[in-house]
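Since the structure comes first, as structure tokens, the remarks are kept for the end.
Any read-out appearing in this document is the output of simple, stated calculations on the displayed coordinates, not a laboratory observation. Please read all numbers here as calculations on a predicted model, not as lab measurements. Methodologically, a virtual Cβ is constructed for each residue, glycine included, from the backbone with ideal geometry; neighbour enumeration extends over all protein chains shown.
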Amino acid sequence: MKRHLRVLLFAFVALSIAGLIATVFVSFKLKRVYEFSVSDMDGATLKKVRYSGTRDGRREWELEADSATRLEASDQLLLKNVRLVYYTKDGIRYTLKGREGTYGTGSGDITVRGDVTVVSDGDFTLETDYLMYSSRARTVTTDRRFRLTSDRMDVTGVGFMMEIDTERLNVLKDVRTVLKDAVI
């Protein structure tokens, strides 16, 4: 009787291990990831695209668009209904939205046009018609009219440059600032 029980127990363990191996094999086979290069697109349009970038092992930004079309003979993608989320080291999130833009897959540069808004975790809202992010210089710039609003102030002007790392903002011209509840 003990021998019969041992054989039955051995058969159960062997079948369990075989079932586990088969499950893992099927699972890996179903989760195959297909990779492609932007140069493979040749004018094709992708729907619902998502790119992301990391710096020093942490997610720094995510770019989403309703569609992306590769521009002929370049590494540029033309994007529709753009949404870019940038995460700072301190955990602050900036969300940028616009009607269209471009993304340079080689340079990492991003431009956004048409009803551009940037919202930072409830602290401020920026509105303009055009923004450019330079990955190499780590700056956000515009040469267009803009409006920056917060609970403490409203700033309008034409053109600015913001340095990402220092969070320094330089307004280029026609600056008008209204402080709210400020003591000078």
What is segment 70-109 by shape, rounded, prolate or oblate, if you read a ≥ b ≥ c off the alpha carbon gyration tensor as root eigenvalues and call it rounded for a/c under 1.5, prolate for a/b larger than b/c, and oblate otherwise?
oblate
Within segment 44-179, what is the number of lysine pairs with alpha carbons under 27 Å apart, leaving out pairs fewer than eight places apart on the same chain?
7
What are the semi-axes of the equivalent ellipsoid for segment 62-181, taken as the square roots of 5 times the Cα gyration tensor eigenvalues, largest first, in whole Å?
26, 15, 14
Rounded, prolate or oblate, given the Cα gyration tensor of segment 93-135, with a/c below 1.5 counting as rounded?
oblate
Just to check I understand the Karplus step: with θ = phi - 60° and J = 6.51 cos²θ - 1.76 cosθ + 1.60, what whole-Hz values come out for segment 66-77, glycine and proline as x?
5, 7, 9, 10, 6, 6, 3, 6, 8, 9, 8, 10
Mean Cβ count within 10 Å, highest first, over the residues of peptides 132-141, 84-93, 60-69, 169-178:
60-69, 132-141, 84-93, 169-178
Convex hull projection area averaged over all views, segment 57-128, Cα basis, nm²
5.4 nm²
Please state the relative contact order of segment 44-179 as a whole percent: Cα pairs under 8 Å, 6+ residues apart?
12 percent
